[in-house]
Amino acid sequence: QVTCVEVVEAYVERIKEVNPLINAVVKDRFEEALQEARQVDKLLLEGPGDDCLEEKFPLLGVPVTVKEAFSLYGMPNTSGLVNRCNVIATSDATVVSRLKQAGAIPLGVTNCSELCMWYESSNRVYGRTNNPYDLQRIVGGSSGGEGSALAAACSVIGVGSDIGGSIRMPAFFNGVFGHKPTTGVVPNDGQFPNAHGVRTSFLCTGPMCRYAEDLEPVLRVMAGPGVSKLKLDEKVSLEKIKFHCMDHDGGSIFVSPVDKEILQAQKKVVEHLESDLGVQVQRVAIHKMKYSFQIWSAMMSSKDSEGQEAQRFTDLLGDHGKPVWPLWELMKWLVGMSSHTLPAIALGLTEKLVNLNLSGKAKLVSMGRSLQEEMEALLGPDGVLLYPSHPTIAPKHHSPICMPFNFAYTAIFNVLGLPVTQCPLGLGSEGLPLGIQLVAAAYNDHLTLAVARYLEKAFGGWVSPGKV
C-alpha cells in the first residue's frame, strides 16, 4: 500500500520531530537509509514473486535502530566513553549484519549509559536521554536510547544487549517489549564492551519492539543458525502452561519495596490468566531471590572454568586513553572536570570490594548455582514465572544513584541463563508504563514469547506517549 521510501521518510520525520526532546537517536544515517529504501522499492518492482522475497528478506524495508554500543558501519561506536569519541565502526556487529541481510534498514544509533553498566542512559559524549512519557524520568539502561526511540515511535524494532537487565529495564520504563534470549544463542560479537571470561555466559543480545508479534521474527534473524535450539516452531497451548507467580524478591535490604501499582498490575495478570484460560497460577516464594544482587555481583566477578579473571571495569574506562584512577576521577568530578559519569566512577571505586571477602563470594556463587537448579526444576519444560520487572516505575533523573541495586530484579536472570520477555501492561496513575517479566527455563523462549503476545491482546501493549 505504501512504498519503502514513504515508510522510511515517515520515520525520519518522526525522529526529527521528537528527538530534540528525548535525545534517543545520537547519530543518524538518513541519507543512506533513504538510498536503501529506494533499492527496496526497485527490487519490489523488478523482483520475483512475493513469497520468494519474504523468505529471503523477512524484514525487507523495515526501519530499525541500533544501540550505539554495537558496530554499525560508518556510525560512532563509543559506548558513551569520551576517550572513544573518534571511534567509527568499519564493519557491522554480527546481529546488525544479519538484520541488514534480512532487508532491515538502520536509521541510526541510540544512546546508552557509559560503558553500558548503569541503568540511566546518560554520558559525557551524548548527554542524557529522556522518557517520552515524562521528560523528567529516566529511560533505563543500558539500552535506554533504544527503549525511548521505540516508545516514541521513531523505529519499529531495535537491537539491545543485556547483562543485568539492559534490554528489559528500558523496555519496562518505556512501555515496549524486550526479550533477553536464552544465553549463548544470539551472538554478541561486534559490541563494545563485549563480555570476556565468565561474563560470556551472562551477556545476551536481543530484540526490542513496540509489538509482541515482532519479537519472534527478529529473534529468528538475530539467532541465525542457532535458532533451532529455541523451539520457536513448537505450537504453544497457553492452557497447558504451568504458571507461577512471585510478587517480590522476599525483602532484600539493598532494594526498594515493589510499588503498589506494579503489584496491582501483576495481580490483574494473574486474575486474567485464571479466569480466561482456566489455569491455576501457583504462588511461589524462592528464598534465594532475596540475595539476587549479591549473587549477580559475585558471579559477575568470579573466575571462569579456566581460571581467567573477569575484566576490570576500571580497565575498560581507560580504553583509547590513559589508565583511570577512580579516586582521582571522583576528585575531578566534584569540581566538574572529569570526563566520566558518577555511576561509572562509583563502579570503578567499588569493584575491588567484591574480592575482599573471597569465602563469602564463593558461598554466593554456590548459592547462584543452587538457585539455577531450583529455577530449572520449578519451571521445567512447560513453566512460566511472572515476576516484577523493577521495584519502581520509571524514576526521576539522577535518583537511581540513591538506589543503585534496584536492577537486581532483572540481573538475577542473566546469571541464571534463563530467557525472559518484558511485557508492558498499560500506564499507571502518573501516565507511566507498567509491566511484567515472563521467565521460562533455558531454551523455552517460545513460551514467554507466546504469553507476551497473549498479554498484549489482553492489556493493550504499547500505548503511544502522545495519548497521555
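Couple of notes before you dig in:
- For the stretch 332-468, the per residue solvent-accessible surface stands at 38 Å², with DNA, RNA and ligands left out and a 1.4 Å probe.
- Within the stretch 233-314: Cβ-based charge dipole about Cα centre, in debye rounded to nearest 20 (Lys, Arg +1; Asp, Glu -1): 260 debye
- The chymotrypsin sites (Phe, Trp or Tyr not before Pro) found in the stretch 198-304 that occupy coil by DSSP, while having at most 16 further C-beta atoms within 10 Å, are Tyr211, Phe254.
- Residues of type lysines that Lys457 reaches as a straight line, Cα spacing below 22 Å, ignoring anything fewer than 8 places off in the same chain: Lys180, Lys235, Lys240, Lys242, Lys267, Lys268, Lys467
- Of Pro20, Thr448, Thr129, farthest towards positive along the dipole that unit charges on Lys, Arg, Asp, Glu beta carbons give the stretch 4-459: Thr129
- Dipole-positive endmost among Ser143, Ile88, Cys116 within the chain (Cβ charges, Cα centre): Cys116
- The ellipsoid equivalent to the alpha-carbon distribution of the stretch 144-295 has semi-axes of 26, 21, 18 angstrom, derived from the gyration tensor eigenvalues as √(5λ) and listed largest first.
- Under 14 Å, Cβ to Cβ, from Leu150 - net charge with Lys/Arg +1 and Asp/Glu -1: +2
- For the stretch 4-459, a Kirkwood hydrodynamic radius built from all Cα pairs, placed in the Stokes-Einstein relation at 20 °C and 1.002 mPa s, yields a translational diffusion coefficient of 97 µm²/s.
- Descending semi-axes in Å of the stretch 104-224, equivalent ellipsoid built from Cα gyration tensor: 21, 18, 12
- Candidate lysines for bridging to Lys322, where Cα separation is under 30 Å - those fewer than 8 sequence places away on the same chain excluded: Lys27, Lys67, Lys303, Lys332, Lys352
- The chain - charge dipole about Cα centre, Lys and Arg +1 at Cβ, Asp and Glu -1, debye rounded to 20: 1260 debye
- Between the exposed loop cleavage positions of the chain, defined as GluC sites (Glu not before Pro) in a non-H, G, I, E, B DSSP state with at most 14 neighbouring beta-carbon atoms within 10 angstrom, the longest gap is 1-233.
- Length gained when the stretch Thr200-Leu238 is fully extended (0.36 nm per residue, less Cα-Cα span): 10.4 nm
- In plain terms, the chain is cut at each of the trypsin sites (Lys or Arg not before Pro) found in a DSSP loop with at most 12 other Cβ atoms within 10 Å, and the longest leftover piece is 1-234.
The values are calculated or read from the model by the stated rules, or taken from the named source; none is laboratory data. All of these numbers come straight from a predicted model, not from anything done at the bench. In this analysis, Cβ positions are derived from the backbone assuming ideal geometry, glycine residues included, and neighbour counts consider all displayed protein chains. Keep in mind that these areas ignore ligands, DNA and RNA; they rest on the heavy atoms of the full protein, side chains included. Shrake-Rupley method; radii C 1.70, N 1.55, O 1.52, S 1.80 Å.
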